[in-house]
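In what follows, a single structure is set out as structure tokens and then discussed.
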Amino acid sequence: MKRLILGMAALTTVALAGPTVAADYPDRPVSVMVAYSPGGATDFQARIVTMMAGDEKYLGQPIVIVNKPGAGGKVGWSAFATSGGTDGYELAAYNIPHFIAQSIKFKTKYTIDNLEPIANWGADPAVLVVGKDSPFNTVGDLVTYAKENPGKVTVSGAGLFVGHHIAYLQMEKATGVKLAYVPHKGGAPALKSVIGGQVMAGVNNLSDAFRSQDSLKILAIADNERNTEFLPDVPTFKEAGFDVDDSSVNFRGLMVRKGTPPDVIEKLAKAVPEMFKDPKVAKQMKAGGSPLKIMNREEVQAMWQRREDYLKELLKDL
Amino acid sequence: MEFLYHFGPVFTLSSMAILCAGTIGGLLLGATPGLSPTMAVALLIPFTFHMDPAQGLMLLGAAYTATVAGGAVSAILLKIPGAPANIATALDGYAMARKGEGAKALQLCFISSFIGGVLGVLVLIFLTPVLAQWALSFGPSHLFWIAILGVTIIGSLDSKSVVKGLLAGCIGLWIAMIGYDSIQGVERFIFSEHLEGGVHIIAALIGLFAIPQVIEMLEGGRHKRTFEMVEVKPHSVWKSVGITLGHPRALTIGGIVGVIIGLIPGAGGQIAGLVSYDQARRFSPDREKFGSGQAEGVIAAETANNAMVGPSLVPLLTLSVPGSPTAAVLLGGLLIHGIFPGPNLFVQHPDVAWAFINSLLVGQFLMMIFGLYIAGLAAHVVRIPPAILASGILVLAVFGAYSVQNSQSDVVVMLALGIGMYFLQQYGFSPAPLVLGVILGPIAESNYVQGRIIAQAGDGMFSYFCLGTMNLVLISLVVLSIFYSVATEIRMRRLDSLGEIAT
Amino acid sequence: MSENVAGRLQQTIAAAIILALGLWVAFVSFSVSDPQPYLFPQLISVAMVGLAALALVRAARGANRTGAGMSLHQLRMIAPAIALMLAYVLIAIPTLGFYTAATLAFFTLYTLFDPSSHQKPSTWLVRIAVTVGFMALIYVVFAMGLRVQTPRGLFI
């Protein structure tokens, strides 16, 4: 009976609202679900890049951030992929490689097949950090120590099968040493345990580490090139002699559920990258040490596919 | 004394208007059943987008202060705590309201909140450099023992029967385990699609306290009034000041507990009120009267949960590390304005940093003034007929549970827990130990798991969890607490059996 | 005296239900293939089963004297309220929309338990006015003020 009522309600709604959806879309505020806790890098970047949404040039309606943290993002994305709205009023922020790695490793309810990218706003490489008073000054120091003391070097990161963990796995593979990964409930607590000396090292976001430079040493970036804008003096892993590429770089952007009307997706895919390019957004992002990387829908679709293929390969033998 | 120099911008007309708006709004949001301080601050952040950074932060600071205190209003008058921090306030506060002392309880609550709050902000102003590093030194093993310390007070909390108190605590701990486990991501006990996201602490709090109250109000049906509406007798503010100051022990315990728990990142201040209440009871000569409307209990609980506000910002402002959920939301608010907390905050943006801290201080005064005014209006709230009150609380509980994470599942879980709790209450179980279990479960578990990995990489479980000054201090506190509870139980059992013979 | 016996029976049933819950938690926790994430549930379930068994024994011996228990009359009185809450949350919100469901729930619950007459038109006016006023306030605060997003059904 409940099903029937629901079905009828849904039918009526569609029949009533069907053809006019895109014309006046959006006519009320749009929400963006962030699968991480407030104050973390994804959360605050999402707030910055969406702050201009209310401008008539872009969506003409404000964007509200809704946090659903837990289990490295699984809680939020799982809820989004199963019960998120498909009317274009419920968006979500994605983190690559996190959700792709999780969808490969676990039986998650989300995959790249039931989600539709809108646009990408940022690329945040993972960095290797140690506390201010740490005896390690280069990745080499850390690896040498870890070789002598296998399994003794504790490394914090935000959860399992997130960018930090992928970088950690690549690091273990490239250096051939055994470390101990300590998963945390998000990037901020993971960084706290490095600053507080509870762990010997940590993998964290470039943007967060950049802001906490006074209490940290940043040893290396897990990317193909140095970050000339924020950390020109920090070498990449490859420069330090370890084969860790950009696979763990944390891409962030917006997506909707599959089943969202194509004209709504089209409208979003057009307006959202423009919104990300707003000079005010660029200024705020730079001040926060958050690298902008704007990609349109087609570029993101290709990037998702590439990551899926690579991660399937990497995680196969782990 | 730099903060005095920065008081100027706080006392401009526009700043005062913002502070007053933040305080009144915060008090009302806090007093509404179902709205927590974290949520109120999160909901206010978008409003600060178009303000200048200093004023935006003043709004958030004032709102944070006021919501924490405002949560006591519904705790006292309706036995529905606005936030986990106010659970302890409900225990004696509601009992006082039942005796007609609602206005007095509210006055005591705002005065002791003010004393605790000012103390907390002064700690923030003067001791930040000293305490920041200390706050960060708390690692997984310490947080694990703190959570266990919390578990030891479950049995004696608001239950006449220790067995039932502990059992309620166990049910709460189990409820906290539902959903994906936060470290490994394994699905546990997800027997309904609504449980996928786990049970949110605020949804649980609303359900467990508000829904049984709603049902109880309706127990008498249309005509018979079985629900005793509380009567609020007027009470002199000056007398309340005297009463509050006449409890130096409760104020001291509340202040110390609030400051220490506030400083420790991860303990979250949610348990400050409960721990302080429990300690005040243990040191009080009238400990048997706690739970039956003891002013001392309200004072201890409210001093602590406002004393925690200032110190909870210490790790945030100096090291950019949020120590509590609300501090994490405030961090987002700071970042949006391009202000990065850290050692350089006071060098690069002294105006904004001090404006924020000063607004917390001024906010305490405003909170007390407006709060005492609200205490005077309290009589009107409880004069609302039960049918309207019950319907209103039900609708607010649904909205509150929903707006925490925009989740319909949270509403379903809230209602299910609430109806279950109503039946449990009829058999002598009470919601306070259950909620404490829900709060402590994840803290104990995630810190145990992290600690185990670190210990296995290092010196082994025993030396990591049980050696070191801080661990030893915490473990001895746990042992003392258990010892004390057992001793009390043995003494009370004797009284209890005498009582049974008499009846 | 008869009331005491009923109390004892009820207390026993309540303890038995919790014991069953504890046993189920224990069963799930101990029968998983990877026990590592279930360490805490295992510990909790053991404590729960132990305490519930103790409560059951105490209740069966009549030593359990906290809590008034339920009476059939009480159950009859609260049944409509509980049914209404369930209908509100499980059916009305997803089909009708958040505010519409809340308005109906408020009005129905208020009407069902309002002591004033259901015959006089004036009392109906009062009830409608209170409902509309309350919901308008909620709408202003949540939807317009705090911009809380609520799910839509047929209506808002």
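None of the figures in this text is laboratory data; all of them are computed from the coordinates on show. These figures come from a predicted structure and were not determined experimentally. Reconstructed Cβ throughout: ideal geometry from the backbone, glycine too, with neighbour counts over all protein chains shown.
Mind checking C:103-109 for the average number of partner chain beta-carbons within 10 Å of each residue's beta-carbon? Don't jump to the answer; show the numbers that get you there.
Details: counts 1, 0, 4, 6, 1, 1, 9.
The mean count of partner-chain Cβ atoms within 10 Å per residue comes to 3.
Counting only other chains, and only Cβ atoms inside 10 Å, what mean value do you get across the residues of A:185-192? Write out the running numbers ahead of the final one.
Values: counts 6, 2, 0, 8, 7, 1, 3, 12.
For this peptide, the per-residue mean of nearby foreign Cβ atoms is 5.
Please sort through the DSSP H helices of chain B and keep those with an alpha-carbon extent of at least 24 Å along the long axis and a Kyte-Doolittle average not below 1.6.
Span-like helices in chain B: B:13-31, B:102-136, B:201-218, B:386-405.
Enumerate the helices in chain C for which the Kyte-Doolittle hydropathy averages 1.6 or more and the C-alpha atoms extend at least 24 Å along the helix's axis, using complete DSSP H runs.
Qualifying helices: C:39-60.
What whole-number distance in Å separates the alpha-carbon centres of the stretch B:1-27 and the stretch B:466-493?
44
Sequence gap at least 6, Cα distance under 8 Å: using those rules, report the relative contact order of the stretch C:2-60 to the nearest whole percent.
50 percent.
Tell me, B:109, B:466 in order of fewest to most beta-carbon neighbours within 10 Å? Walk me through the numbers before you get to the answer.
Details: B:109 33, B:466 12.
The order, fewest Cβ neighbours first, is B:466, B:109.
How big is D for the stretch B:2-502, in µm² s⁻¹ as a whole number, if Stokes-Einstein is applied with the Kirkwood radius of its Cα pairs at 37 °C and 0.692 mPa s?
Answer from the Stokes-Einstein relation: 144 µm²/s.
So for the protein assembly as shown, taking the charge dipole from beta-carbon charges (+1 Lys/Arg, -1 Asp/Glu), which of A:279, B:322, B:487 sits furthest toward the positive end?
B:487
Quick one: helix A:139-148 against the long Cα principal axis of chain A, what's the angle to the nearest 10°, folded into 0 to 90?
Helix A:139-148 sits roughly 70 degrees off the main axis of chain A.
Mind checking A:172-178 for the average number of partner chain beta-carbons within 10 Å of each residue's beta-carbon?
On the way: counts 0, 0, 0, 0, 0, 0, 1.
Taking all residues of A:172-178 together, the mean is 0.
Mind checking which lysines have their C-alpha under 20 Å from residue A:283, skipping anything on the same chain fewer than 8 residues away?
Within the straight-line limit of under 20 Å, residue A:283 reaches these lysines: A:57, A:293.
Can you give the % of DSSP beta bridges in chain A that are antiparallel, to the nearest 5? Write down the numbers at each step before the final one.
Numbers: 26 of 41 bridges.
Around 65 percent of the beta bridges assigned by DSSP in chain A are antiparallel ones.
Relative to the longest principal axis of chain A, what angle (0 to 90°, nearest 10) does the C-alpha long axis of helix A:2-17 take?
On a 0 to 90 degree scale, this one is about 80.
Nothing charged except the Cβ atoms of Lys and Arg (+1) and of Asp and Glu (-1): what's the magnitude of the dipole of chain B about its Cα centre? Round to the nearest 20 debye.
The dipole magnitude comes to about 1140 debye.
So, with +1 on the Cβ of K and R and -1 on the Cβ of D and E, and no other charges, what is the size of the charge dipole of the stretch B:1-118 about its Cα centre, to the nearest 20 debye?
Working: 4 positive and 4 negative charges, 91 e Å.
So the dipole magnitude of the stretch B:1-118 works out to roughly 440 debye.
Take each of the peptides B:278-288, B:307-317, average the number of other beta-carbon atoms within 10 Å over its residues, and list them starting from the highest.
On the way: B:278-288: 18.3, B:307-317: 29.5.
Going by the mean number of other Cβ atoms within 10 Å, highest first, we get B:307-317, B:278-288.
Treating only the Cα positions of the protein assembly as shown as identical point scatterers, give the base-10 log of I(q)/I(0) from the Debye formula at each q in 0.04, 0.08 Å⁻¹.
At q = 0.04, 0.08 Å⁻¹ the computed log10 ratios are -0.18, -0.76.
What is the magnitude of the charge dipole of the protein assembly as shown about its Cα centre, with +1 placed on the Cβ of each Lys and Arg, -1 on the Cβ of each Asp and Glu, and no other charges, expressed in debye to the nearest 20?
Numbers: 67 positive and 62 negative charges, 493 e Å.
Computed charge dipole of the protein assembly as shown: roughly 2360 debye.
Would you give the gap between the C-alpha center of the stretch A:116-161 and the C-alpha center of the stretch B:122-140, rounded to a whole Å?
Rounded to whole Å, the Cα centres lie 26 Å apart.
Name the residue farthest towards the positive end of the dipole of chain A from the options A:167, A:177, A:190, assuming +1 on Cβ of Lys and Arg, -1 on Cβ of Asp and Glu, about the Cα centre.
Value: A:190.
Would you mind putting C:128-134, A:123-129 in packing order, based on average other-beta-carbon counts within 10 Å, highest first? Mind dumping the intermediate values first?
Working: C:128-134: 15.7, A:123-129: 27.6.
Per-residue mean Cβ counts within 10 Å order the peptides as A:123-129, C:128-134.
Pick out, from B:254, B:431, A:25, the residue whose Cα sits farthest towards the positive end of the charge dipole of the protein assembly as shown, with +1 on the Cβ of Lys and Arg and -1 on the Cβ of Asp and Glu.
Going by the Cα projections, it comes out as B:431.
Mind checking which lysines have their C-alpha under 22 Å from residue C:120, skipping anything on the same chain fewer than 8 residues away?
B:224
Among A:119, A:41, A:79, whose mean-square fluctuation peaks in a Gaussian network model of chain A (Cα, cutoff 10 Å)?
Maximum fluctuation in the GNM of chain A, among the listed residues, is at A:79.
Cα axis of helix A:297-316 to longest principal axis of chain A: angle in degrees, 0 to 90, nearest 10?
It works out to around 50 degrees.
How big is the C-alpha Rg of the stretch C:45-90 next to the rule-of-thumb value 2.2 N^0.38 Å, as a ratio?
Values: Rg = 16.1 Å, N = 46, 2.2 N^0.38 = 9.4 Å.
Normalised Cα radius of gyration, the stretch C:45-90: 1.71.
Antiparallel DSSP bridges in the protein assembly as shown: what percent, to the nearest 5? Don't jump to the answer; show the numbers that get you there.
Numbers: 30 of 45 bridges.
Given both bridge residues lie in the protein assembly as shown, the antiparallel proportion sits at roughly 65 percent.
Going down the table (A:74/A:267; A:178/A:217; A:192/A:280; A:192/A:217; A:74/A:173), which pairs top 19 Å between alpha carbons? Before the final figure, lay out the partial values.
Numbers: A:74/A:267 28 Å; A:178/A:217 22 Å; A:192/A:280 30 Å; A:192/A:217 13 Å; A:74/A:173 25 Å.
Checking Cα-Cα distances, A:74/A:267; A:178/A:217; A:192/A:280; A:74/A:173 exceed 19 Å.
Rounded to the nearest 500, what is chain A's calculated 222 nm mean residue ellipticity when only DSSP H runs of at least 4 contribute -39500 (n - 2.57) each, over all residues? Provide the component values of the computation, followed by the final result.
On the way: 11 runs with 125 residues, N = 318.
Taken over chain A, the calculation gives -12000 deg cm²/dmol.
Straight distance only, please: which aspartates and glutamates reach the Cα of residue B:164 with their own Cα at less than 20 Å, same-chain residues fewer than 8 apart left out?
By straight Cα distance, residue B:164 reaches B:92, B:278, B:288, B:489, B:496, B:500.
Over what distance in Å are the Cα centres of the stretch B:426-458 and the stretch C:40-65 separated?
About 20 Å separates the Cα centre of the stretch B:426-458 from the one of the stretch C:40-65.
How would you rank B:200, B:194, going from fewest to most other Cβ atoms within 10 Å of each one's own Cβ?
Details: B:200 21, B:194 17.
Neighbour counts put them in this order, fewest first: B:194, B:200.
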